[in-house]
Amino acid sequence: MDVLFGSIDVRDLLPSAAAAGEDDPTAPLSAPDLRLLIDRLSVRSLRIKDDVRRYLLSRRPEFSAAVSAAASAASSSENACASLSSALELLDARLIDAEIRDLAAEIGAKGRELAERREAARAVDAVAEVFRRVQSARRDLREGRIVGASEAMRDLKAALRVPGTEEEEEPKVYGLLREEWGDCFDELQEVLARHMESAVRFEAESGRLRVSYEADGVELRRVLEAMEIAGVMDYGFAKVADLMIKHVMNPAVRCASGIVFTEDCNQDSGLNADAILCIIMTSSPDIQGEQLSAVDIYSKLTQVIKFIYKYICFCNNKWMQCFGRLTWPRISELVITSFLSKAIPDDTSRIAEFQNILNYTVEFENVLKEMMFISTGTGDERLSSFAHDVEVHFASRRRNEILTKARNLLLQCDFVIYVENTPKIPFQAKHKPEKNPENSVDLLFETGVCLISEAASQLMELVHQTLKNVCLSSTKVATEFYHAARDALILYEAIVPIKLEKQLDSISQVAIVVHNDCHYLYQEILGLAFEYRVDFPSGVKECAVFADLAMHFHRLSENILGKQVQLICFSLNEAISSANGFQNTHQMQQYESAKFSIDQLQKLIHLTLENLCSLFESLVSDVNVKNNVLEKSMWIELEEMVPSLRKLRKLADLLDMPLKSITSAWESRELVTCGFTYSEVKNFIKAIFTDSPLRRECLLRIESANA
């Protein structure tokens, strides 16, 4: 009713005069207007009640049905509530609750047990089926149905997940089944390989390769199909590949010009037909590599491979690819070692002549690609790759020759210079000493000469010749020559210190020679870049380095010199301390030790005088005398200005004088004039000469002359 009232506009019930005051909705109504409004609302209310009553009476059946349904639902709800209350009263008992729970658990356990038994039954059925299939495959194999057996083994391999690792919870029976499958598979491999050996065999007596289309009652094609299905092509072809390499390919390469292959094949005579490749030697098999021809080798190999493609692989590209994968690495290596490596030119001017061999090689490999014997882009173009790199192979062979020559030089040289046959080099100010042409060389960055070993001299000549070849070669060849030159120098550092280890650890002439070698090589290596870098090819010029090697030899020479100085100082100190001279000089080693100790002292004195040369010239007043520092007058003038100079020069002479001459020089007061004292001469004699009656006699004479 409120809704109906809400839809009535009260102002519509007012008279028009009262409604005229609508502009002021807050204006109060008069009493007559209110009574009129109440009457009209009562009439309207009665009218609405009549409408509702008529609506309900018109739909009385529907309302009666709705009320009856509500009453029935209320009654059912009360009944359900009563039943639920009764059930809850029954469940309150603890004993019934436990029985229901146990019963439910038992039902669940029985259900799981039933499921497990069903799963186990299915597993047993599966195992039995796999075992049956394995046995069936083995039976097919033994009865000659090799294709069916191979198909069965392939399917079982997938079912058993072979190869595979056993899972932690996997039943052991699966491992047993895999073992059973493995035994059957091994048997299959052996049977297929045996059939292949029977089908393809070499008859050594007649020199024929025979291919039988049927062997042991099995067709060769079926054998190949079974091998492909089982995935054992490599295993089945292995022995056949070895046979082809040994008896066919090897003669075809090594004796190409003295061998002929003829084919005798008849495919129209049924399954028992054979394909025969006859190998006929037309000349002696001892043919040198230089006599081999690219045309002969490649034509013979092409004929053999076509025979394989047609009569063994039945023009099947996949089978041919497998056979090629087994044999091509060995065939290519055979061709390279027996022919291509020997055909490499000995001189750079003949490298262009190798182009014909390269063309034949590329053509040969293209023929093999057409038969799928080799593949493109898989690195199978071994022969053409080798032939394309002929410059590198040429340089590599020359590099090996250079290193071999350098190694022989260093191993065969004794690093000894026989100084008895070499004149002493006197002290000179402006004139170089005359060189011994065999052992003396000029230093690049120092004045004077250096005595070196024959090995160092020839090694440097070899390096210079190699670097000249670098300047005249292409970048590839030049790079190999450059590394050969470096490696030849490194060989000296690697071989000599080890070969002469004992001599370098003692006072010996060999150590001095090795020091001179290293010093000479150090300076020569420093000059290599200035001498050759400008003419190097651009690719070599950017990376050519020699300074690092120079520093290696510089450090080596300094180490040897330092060690020799230490050894000599120790030897002299030992001799002076014992005051008994050099002992056992009748023995060669002791003699050399004493001799070189004295020689070193002499060289140090001469070196000192040589380094003072410019100072001496500035002290000499006579210009004419300056032109020849060996003038006696020059030495007299210098000794007057520098008294110790006379003593130093005389000390060098004393090292060469015998004991009696030293004694006479003291008695004649020559040594006193040079500035020597009695104690100095006495200690000098004791340090140099061993104790003997002659030494005691001379010391007494010197003591008497001093009294």
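The values are calculated or read from the model by the stated rules, or taken from the named source; none is laboratory data. The model shown is predicted, which means the values in this text are computed figures rather than measured ones. Cβ atoms come from the backbone with ideal geometry, glycine included; neighbour counts cover every protein chain shown. What goes into the accessible areas is simple: the full protein's heavy atoms, side chains included, and nothing from ligands, DNA or RNA. Shrake-Rupley method; radii C 1.70, N 1.55, O 1.52, S 1.80 Å.
Assorted remarks:
- Counting only protein chain heavy atoms and rolling a 1.4 Å probe, the accessible areas of Ser76, Ser396 rank, largest first, as Ser76, Ser396.
- Of the cross-linked pairs Lys563/Lys660; Lys563/Lys595; Lys476/Lys499; Lys650/Lys686; Lys468/Lys499; Lys647/Lys682, those separated by over 23 Å at the C-alpha level are Lys563/Lys660; Lys476/Lys499; Lys468/Lys499.
- Surface accessible to a 1.4 Å probe, Ile605 within the full protein complex, Å²: 20 Å²
- Accessible-area value, Ser68, 1.4 Å probe, nucleic acids and ligands omitted, Å²: 70 Å²
- Label-point separation, Asp487 to Gln566 (7 Å along Cα→Cβ), nm: 3.4 nm
- Pairwise inverse Cα distances across the range 345-419, averaged and inverted, put the Kirkwood hydrodynamic radius at 15.4 Å.
- Ser440 - accessible surface, heavy atoms, 1.4 Å probe, Å² rounded to 10: 10 Å²
- At full extension, Arg161 and Lys595 could sit 147.8 nm farther apart than now, given 0.36 nm per residue minus the alpha carbon distance.
- Note on Glu680 and Val416: the extension gain reaches 91.6 nm, defined as 0.36 nm multiplied by sequence separation minus the Cα-Cα distance.
- Ordered by solvent-accessible area of protein heavy atoms (1.4 Å probe), largest first, the residues Val672, Val510 come out as Val672, Val510.
- Taking 19 Å as the cut-off, the amide N atoms of the range 292-316 that come nearer than this to a point 7 Å along the Cα-to-beta-carbon line of Glu370 belong to 295-316.
- Take the Cβ atoms of Glu106 and Ser76, set R0 to 30 Å, and the FRET efficiency comes out at 0.25.
- The listed peptides 294-302, 363-371, ordered by packing as a protection proxy, come out as 294-302, 363-371 (highest mean of other Cβ atoms within 10 Å first).
- Asn408/Glu670 FRET efficiency (R0 51 Å; Cβ-Cβ; nearest 0.05): 0.40
- Largest accessible area first, the residues Asp599, Asp548 order themselves as Asp548, Asp599 under a 1.4 Å probe with ligands, DNA and RNA left out.
- Amide proton proximity set for Ile259, modelled H, under 5 Å, gap of 5+: Thr282
- Between Thr337 and Ala128, the FRET efficiency from the beta-carbon distance, with R0 = 56 Å, is close to 0.45.
- Centre separation in Å (Cα based) which lies between the range 38-65 and the range 222-242: 104 Å
- Thr475 versus Val52: modelled label distance in nm, points set 7 Å from Cα along the beta carbon direction: 11.1 nm
- Asn400 paired with Glu143, simple spin-label distance in nm, labels 7 Å along Cα-to-beta-carbon: 6.0 nm
- Phi angles of the range 537-550 translate, via the Karplus equation with coefficients 6.51, -1.76, 1.60 and θ = phi - 60°, into HN-Hα couplings of x, 4, x, 8, 4, 6, 10, 5, 9, 10, 4, 5, 5, 4 Hz per residue; Gly and Pro are given as x.
- Full-stretch length increase - Ala31, Thr447 - with 0.36 nm per residue and alpha-carbon distance subtracted: 134.7 nm
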